[in-house]
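Let me begin by presenting the structure, written as structure tokens, before commenting on it.
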Amino acid sequence: MALEPINLDKLTKHAANIYEATIVASKRARIINDERKIEFDTLKKGLEAFDDDFEDRANPELLKFSREMDKRDKPHMQALKELIEGKIKYRYTKPLGE
């Protein structure tokens, strides 16, 4: 997978500064990662129900889904793209300085 440079000026258009953009994107990346883990675990549980006594045999459906998951953008890249596109809305829970 090729590296994609991110223009930092695009990030600061949707946040006060680069540090705030980094925090917002990292929190969104954690949420994306958790959602993917839940999705994978749910599918894995459904496929394990059909598992037999042969542990050496790989489950083709699980392998197919795993390959599809690998083709997706990594959570941090997806979060940065969402921030640049203005899809992430955030707010402070406490006023600054407290």
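Of note:
- Measuring r between the beta carbons of residue 90 and residue 44 and using R0 = 30 Å, the FRET efficiency lands at 0.40.
- Here the spin labels are modelled as points 7 Å beyond Cα on the Cα-Cβ line, and at residue 8 and residue 69 they lie 3.4 nm apart.
- Packing-based order for 39-46, 26-33, 88-95, using average beta carbon neighbours within 10 Å, highest first: 26-33, 39-46, 88-95
Coordinate-derived values only; no laboratory data. The structure presented is a predicted model; accordingly, all values stated were derived computationally and were not measured. Counting neighbours? That spans all protein chains shown, and the Cβs are built from the backbone with ideal geometry, glycine included.
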